[in-house]
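The values are calculated or read from the model by the stated rules, or taken from the named source; none is laboratory data. These numbers were taken from a predicted model, which means no experiment stands behind them. In this analysis, Cβ positions are derived from the backbone assuming ideal geometry, glycine residues included, and neighbour counts consider all displayed protein chains. Only protein heavy atoms, including side chains, enter the accessible area calculation; ligands, DNA and RNA are left aside. Shrake-Rupley method; radii C 1.70, N 1.55, O 1.52, S 1.80 Å.
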Amino acid sequence: AAEPIVGLLYSPGDAFGERRIEMLLGPMLLAGLRPLRFTQHDIDAKTLTVQGQWHLAGAWQPCAGVRPASILDWSRPASPRLPGESLLLGKVPHSVRIDHDRLDLLDQLQRDPEFRGVVLPSRPLNGFADAVAAAEQWGRFVVKSRSHQPEDAAVLLERKRNHWEITEFFQRSELDEAAFQAWLTARTQGAWMLQKYVPTLTLDERCYALP
């Protein structure tokens, strides 16, 4: 029997979505599934089929006129649906995309008795006072975008005696109070959040905050 075709729907230009597909490729093949990756622009709204790439004979190969048996919806949260995309998802079993931003989602999980024990504490970032409160409460903490845009990398912060230490993935810098407030201003428009940091290191021992 032919392998069940599982669609992997991701957003155009979403490097994180593409990496996630590559990470899941091996387990899907071992499970006897045929992955089919595509974006919303690869859907034919008339036939509700997909023109994308499926993994066959060890490589991604073009395919057309295919309707997957199920779909993993990894498109960016809250991104608008195209008509054909909505119609296809209405016909094919699929995972549910969570369209809440990170802070709203974490707030819901923190109120759920099954999840609140494993959810990291978070708070909105509206101004310098929020960063000071986070430093006093958590010590080291992360500032990250409330959206799921992969280009908005998380930044690790720690308040020292005379400066703020900022650790990004590839560099560490120190800012005095005035410079830090100026740096923070660009992230206090309601689109960013603060979260307690759980120590995580890359293989070369750099601090890393999960997105």
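Could you please let me know if Ile5 is touching a residue at least 24 places away in the same chain (Cβ under 8 Å) and more than 21 Å from the chain's Cα centre (by Cα)? Yes. Evaluating Leu48 against the criteria (1) open to solvent by 60 Å² or more (accessible area, probe 1.4 Å); (2) in contact (Cβ under 8 Å) with a residue 24 or more places away in the chain; (3) more than 30 Å from Ala153 (Cβ to Cβ) leaves one unmet condition, (1). Per the conditions (1) closer than 21 Å to Ala154 by Cβ; (2) surrounded by fewer than 14 Cβ atoms within 10 Å (Cβ to Cβ), the sole criterion not satisfied by Val96 is (1). Of the residues making up the stretch 181-196, just one is farther than 16 Å from Ala129 by Cβ and crowded, with 18+ Cβ neighbours inside 10 Å, namely Gln195. From the list Ala78, Ala57, Ala64, the lone residue that is of a type in the set (A, V, I, L, M, F, W, C), without any contact (Cβ under 8 Å) to a residue 40 or more places away in the chain, at positive phi and open to solvent by 40 Å² or more (accessible area, probe 1.4 Å) is Ala57. So for the stretch 111-128 (the condition being more than 30 Å from Val198 (Cα to Cα) and open to solvent by less than 40 Å² (accessible area, probe 1.4 Å)), does at least one residue qualify? So far as the stretch 111-128 goes, no, none of its residues is more than 30 Å from Val198 (Cα to Cα) and open to solvent by less than 40 Å² (accessible area, probe 1.4 Å).
If you go through the stretch 25-50 and keep only what is within 25 Å of the chain's Cα centre (by Cα), under 20 Å from Pro83 (Cα atoms) and in a loop (DSSP other than H, G, I, E, B), you end up with just Thr39.
From the list Arg111, Arg159, Arg140, the lone residue that is of a type outside the set (A, V, I, L, M, F, W, C), over 20 Å from the mean Cα position of the chain (by Cα) and at pLDDT below 90 is Arg111.
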